[in-house]
Amino acid sequence: MNLAIETKDLTKTYKTSSGPQSVVKNLDLQVERGEIFGFLGPNGAGKTTTIKILLGIIDSTSGEASVLGNPAGDIESHKKLSYLPEKPYYYEHMTGVEIMQFYASLFGIKDRDLCERLLNRVNLGNDMNRPISQYSKGMQQRIGLAQSLLNDPELLFLDEPTGGLDPIAHIEIRDLILKFRDEGRTVFISSHELSDVERICDRVAIINKGELVHQGRLDQLLSGGRIEITADNLTEEIANKFRGDDFTVSFKNGRLIADIPDSAHPGEMLDAIRAANGDIVSVIPRRKRLEDLFLESVAGDNVLKGRKMSKMTDDHNAAEAVEVTTEEGAN
Amino acid sequence: MGAILSIAKTTIGEAIRRRVLLVILLVGVLFLVIAPGLSVLSLRQNYTVLTSFTLGVIQLTSAVIAIVLTVYLLPNEVERRTIYTILSKPVYRWHFLLGKYLGAVGALGMMMLLMSTVLVLVFRIMQQQASMDDVLQLATAPIFFFVQMSLLAAVAMFFSTFVSPIVNFFLSGGVYLVGTLFSPVFQDLSNNQTLPAAVKGAATVIHSIVPNFAQYNIQGGIINQGPELRSIELYYVQIVVYALFYIAAFLIAGMMIFDRKEV
């Protein structure tokens, strides 16, 4: 396999006052060349630490990491990769083109035309002589992408590239990233924007508390959607027939709402409803979303607990609302 | 080399725009300008008082600028994440540290040049009977202050690789004070044959580790011209070589620590 990034048993442990704390635990990652790879996880999951190890900014405690065929941190690899950190800061006294020239000089490049071409590519051609202090957040993110292309990189590390941007800037950055893949570059994105990741990434890895939870192609990871079937005029006896391990079934006042996996032969269920003289109200297939997978992956965390609690509260309020409506109707 | 110079150039650009440094510089320049008015208070030895006061202002202002400028150089880069963008390029950490140091020295040099120019102008206006030779001799002192401050910046840069800016401010300031006020004392103690070996040894260690900042205060000779300023060239060469040696030692030690530091 032609890998751009590979880690084996990568571990990073910090000594803290309460004892050693592993931020990254036995991480095995494989990023293929030419793909957009999404690296996901909740805050504090170890994403940025992993990126820093891959860039050689910090050392791992144990395990191996190779980038573009060289050990992580190798200066030869740095000639062929780029990094755009989360919320980047640029020297504000410089203009757009001066910033580009500064970063170009770190590669030994003295080509002003190249800097201007790249600024034009990210739609900053008209603003290249303005000081960075006058740039909006979106413009700063675009100049970050422009500087990351100075060395014509084979591999780009983008940490939250669309974080905090307005919708237009968001779409612009997303389109640029897709173009990078079309040009044959490998893009490694760490992001919380799950809809973006789902839209543009070929493969993803989800880590939680430093450990790899899922890794693979998005279409494979998101296979196994669910179907919601709603039917009226049924008896509870019929409804009970549909209860199963992976089925969520509710029945009230003759209305059945069943949430079943799409692999559970919904046709048979529909036939059974018709045979019982029930009326099928709706059959709604629901594709599994990255958000669902992400939430499953970080299950047990406070974030998810909070979310479940919030959902339960909503359901409880909804149930109360139904009861009130019924009582009012009765009155 | 290109990367080092680029980092240095950018550091100068940032430093000369830092408001806190400009305020310190402005205060220094203000004191230089009003100095002739203050020296009127001393009816005798007008030239002596003016020279002593203005050179003292330049030295003190430069020392504060050197420390304030340098202690924040590395922490700011980490806090603003600019260091990550730079270190992900083919740039070694020692390139980065050396570039930042050279930038700090460059910015310091520009600010000290401004103060020295004001100093010369003040003397030309106020001491019109003074010859050009007198003025040039006066301007020699800031040159050696610059060497002194470059050494101080190297000390602050070394500490900035492992302590916070506030701690660094007091550490570097402390080293400067000890090296300026007590270095001759430690030198005398280490050469004193009558002292116990332990005291002599301790004095020698401190005298070797803490740079002798006092030797760059050549204004004493300018103010009270005496025998110590004769055959001065060799002395100047010696103290410059001494400074270069200590600067290299502090920077290399800083690079070794910074190379292993998790940023």
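The values are calculated or read from the model by the stated rules, or taken from the named source; none is laboratory data. Treat the numbers as computed from the prediction; the structure is a model and nothing was measured. A quick note on method: Cβ atoms are made from the backbone with ideal geometry, for glycine too, and the neighbour counts reach across all protein chains shown. Side chains are part of the model used for accessible areas, which takes the heavy atoms of the whole protein and leaves out ligands, DNA and RNA. Shrake-Rupley method; radii C 1.70, N 1.55, O 1.52, S 1.80 Å.
Scan the range A:124-173 for residues that are on the phi < 0 side of the Ramachandran plot and within 14 Å of chain B (Cβ to nearest Cβ) and the total you get is 23.
If I ask for residues that are in a loop (DSSP other than H, G, I, E, B) and surrounded by fewer than 20 Cβ atoms within 10 Å (Cβ to Cβ), which ones from the range A:194-233 would you list? Those that are in a loop (DSSP other than H, G, I, E, B) and surrounded by fewer than 20 Cβ atoms within 10 Å (Cβ to Cβ): A:Asp202, A:Lys209, A:Leu222, A:Ser223, A:Gly224, A:Gly225, A:Asn233.
Residue count for the range A:115-167 satisfying the condition of being of a type in the set (S, T, N, Q), under 23 Å from the mean Cα position of the chain (by Cα) and within 27 Å of B:Pro90 (Cβ to Cβ): 3.
Under the condition of being open to solvent by 60 Å² or more (accessible area, probe 1.4 Å), assigned to a helix (DSSP H, G or I) and out of contact with any strand residue (DSSP E or B) (no Cβ under 6 Å at 6 or more places or on another chain), the residues counted in the range A:173-193 number 3. With respect to B:Gly221, determine if the residue is at pLDDT below 85 and surrounded by 15 or more Cβ atoms within 10 Å (Cβ to Cβ). Taking the combined requirement at face value, the residue satisfies it.
Residue pairs whose Cβ atoms lie under 8 Å apart, separated by 6 or more positions or on different chains, with the first residue in the range B:61-88 and surrounded by fewer than 23 Cβ atoms within 10 Å (Cβ to Cβ) and the second among the small types (Gly, Ala, Ser) and not in a helix (DSSP H, G or I), are B:Pro75/B:Ser164.
For B:Pro196, the criteria (1) open to solvent by 60 Å² or more (accessible area, probe 1.4 Å); (2) at pLDDT 95 or above hold in every case but one, which is (2). The set of residues in the range B:1-10 being more than 9 Å from every other protein chain (Cβ to nearest Cβ) and modelled with pLDDT of 95 or more consists of B:Ile4, B:Ala8. The number of residues in the range A:3-46 that are within 14 Å of another protein chain (Cβ to nearest Cβ), open to solvent by less than 30 Å² (accessible area, probe 1.4 Å) and under 20 Å from A:Ser297 (Cα atoms) comes to 1.
Given the criteria under 29 Å from A:Gly73 (Cα atoms) and basic (Lys, Arg), does A:Arg174 qualify? Criteria met by A:Arg174. Quick check, is A:Glu154 closer than 30 Å to B:Ala15 by Cα and surrounded by 15 or more Cβ atoms within 10 Å (Cβ to Cβ)? No, not satisfied. Screening B:Leu87 with (1) within 14 Å of chain A (Cβ to nearest Cβ); (2) within 21 Å of B:Pro142 (Cβ to Cβ); (3) not charged (D, E, K, R) gives one miss only, at (2).
Can you tell me which residue within the range A:47-65, out of those that are of a type in the set (D, E, K, R) and under 24 Å from the mean Cα position of the chain (by Cα), is farthest from the other protein chains (Cβ to nearest Cβ)? The extreme case among them is A:Lys47. Flag set for B:Val49, criterion: on the phi < 0 side of the Ramachandran plot, at pLDDT below 90 and not in a loop (DSSP other than H, G, I, E, B). When each of B:Val155, B:Val118, B:Val135 is tested for being in a helix (DSSP H, G or I) and either among the charged types (D, E, K, R) or open to solvent by 10 Å² or more (accessible area, probe 1.4 Å) (or both), the lone residue that passes is B:Val118.
Can B:Phe145 be described as open to solvent by less than 10 Å² (accessible area, probe 1.4 Å), part of a helix (DSSP H, G or I), closer than 19 Å to B:Tyr101 by Cβ and of a type in the set (Phe, Trp, Tyr)? Judged against the criteria, B:Phe145 is a match. When B:Gly37 is tested against (1) open to solvent by 20 Å² or more (accessible area, probe 1.4 Å); (2) within 23 Å of B:Phe145 (Cβ to Cβ); (3) away from every other protein chain (no Cβ under 14 Å), only condition (2) is not met. Can we say B:Thr140 is among the hydroxyl-bearing types (Ser, Thr, Tyr) and modelled with pLDDT under 85? So B:Thr140 fails the test. Just one residue in the set A:Glu193, A:Glu237, A:Glu198 is without any contact (Cβ under 8 Å) to a residue 40 or more places away in the chain and under 30 Å from A:Leu81 (Cα atoms); that residue is A:Glu193. Taken residue by residue, the range A:112-123 has no member that is touching a residue at least 12 places away in the same chain (Cβ under 8 Å), within 11 Å of another protein chain (Cβ to nearest Cβ) and open to solvent by 30 Å² or more (accessible area, probe 1.4 Å). Of the candidates B:Leu32, B:Leu102, B:Leu108, B:Leu97, the single residue that is touching a helix residue (DSSP H, G or I) at 6+ places or on another chain (Cβ under 7 Å), assigned to a helix (DSSP H, G or I), more than 14 Å from chain A (Cβ to nearest Cβ) and modelled with pLDDT under 95 is B:Leu32. Scanning the range B:207-216 for residues being open to solvent by 50 Å² or more (accessible area, probe 1.4 Å) and modelled with pLDDT under 85 gives a total of 1. Taking the criterion of being more than 9 Å from chain A (Cβ to nearest Cβ) and of a type outside the set (Asp, Glu), the residues of the range B:66-84 that qualify are B:Ala66, B:Ile67, B:Val68, B:Leu69, B:Thr70, B:Val71, B:Tyr72, B:Leu73, B:Leu74, B:Pro75, B:Asn76, B:Val78. The number of residues in the range A:66-101 that are more than 10 Å from chain B (Cβ to nearest Cβ) and either touching a helix residue (DSSP H, G or I) at 6+ places or on another chain (Cβ under 6 Å) or open to solvent by less than 20 Å² (accessible area, probe 1.4 Å) (or both) comes to 7.
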